[in-house]
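A short write-up of the structure that comes next.
We did not get these values from a lab; they are worked out from the coordinates using the rules stated. Predicted, not measured: the structure shown is a model, and the values here were computed from it. Here Cβ is always computed from backbone atoms with ideal geometry, including for glycine, and neighbour counts include all displayed protein chains.
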Amino acid sequence: MTIQVDISELKTFTDWCRVKDRLPAEAKRTVEALLFQLEGYIWAKFADESLWQEWDEWRCAT
């Protein structure tokens, strides 16, 4: 049995993520889509930072 979520009590994105599996299908898909976008942003940000770090290390070594 799935416990229903009172959506009006969800105040932050973290709240939505914590109960994602108990949300209505459309809301769950929306949260998952946002998480997917966030994951891509985080990967891109870390990739950029590591490239900049490598560049700085190379630049300082030359």
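Listing 34, 10, 23 from fewest to most neighbouring C-beta atoms within 10 Å gives 34, 10, 23. Note on residue 43 and residue 58: the extension gain reaches 3.2 nm, defined as 0.36 nm multiplied by sequence separation minus the Cα-Cα distance.
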